[in-house]
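Every number in this text was worked out from the coordinates using simple rules, so none of it is lab data. Only a predicted model underlies this, so the values are computations on that prediction, with no experimental measurement involved. FYI the Cβ positions are ideal-geometry reconstructions off the backbone, even for glycines, and counts take in every protein chain you see.
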């Protein structure tokens, strides 16, 4: 196990950890922080924190990948907060929100719409749809695990529903322009 080699003080174990999970974390944070250098900074800081806090890793709670994603998630949010690179759009929710995305929606338009969401919402979409992680893992990564895991999963499911609704509103407005 990689973390056991790190615990034994072997730098090669940490190097293997970076080689194995670095590209996955780059893809994860790169979609959110929007910039190669920024993504590299976040991933580097993720590994620094993982190295400094490896003794806190509990394999009973999460896999190494999920643990690293949790660190990267919080580091990406901190990075965005420091850079203040997002604009939150106030969206009035009306009764005429379409049930489906407009038929003319392209991947580029969808990506533009996703970029108008908060970083937390973007990351939730990334974890659920692109990384295809189960809601239980996402709750751990986001650090929102409460006493009732079922309640957390339900909350995340509702949040995903609201995010999809906001995306439909944004895309409908984009198509109307």
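Sort 43, 64 by Cβ crowding within 10 Å, fewest neighbours at the top.
By the 10 Å Cβ count, ascending, the order reads 64, 43.
If neighbour count is taken as other Cβ atoms inside 10 Å, put 71, 141, 18 in order from fewest to most.
The most exposed by this proxy come first: 18, 71, 141.
Under 14 Å from the 7 Å Cα→Cβ point of residue 109, by amide nitrogen: which residues of region 158-177?
167-177
Can you figure out the FRET efficiency of residue 150 with residue 78, using R₀ = 25 Å and their beta-carbon distance, to the nearest 0.05?
For residue 150 and residue 78, the calculated efficiency is 0.25.
Given a Förster distance of 41 angstrom, what is the FRET efficiency for residue 161 paired with residue 60, based on the Cβ-Cβ distance and rounded to 0.05?
Efficiency computed from Cβ-Cβ geometry: 0.85.
Given a Förster distance of 22 angstrom, what is the FRET efficiency for residue 174 paired with residue 24, based on the Cβ-Cβ distance and rounded to 0.05?
About 0.10, to the nearest 0.05.
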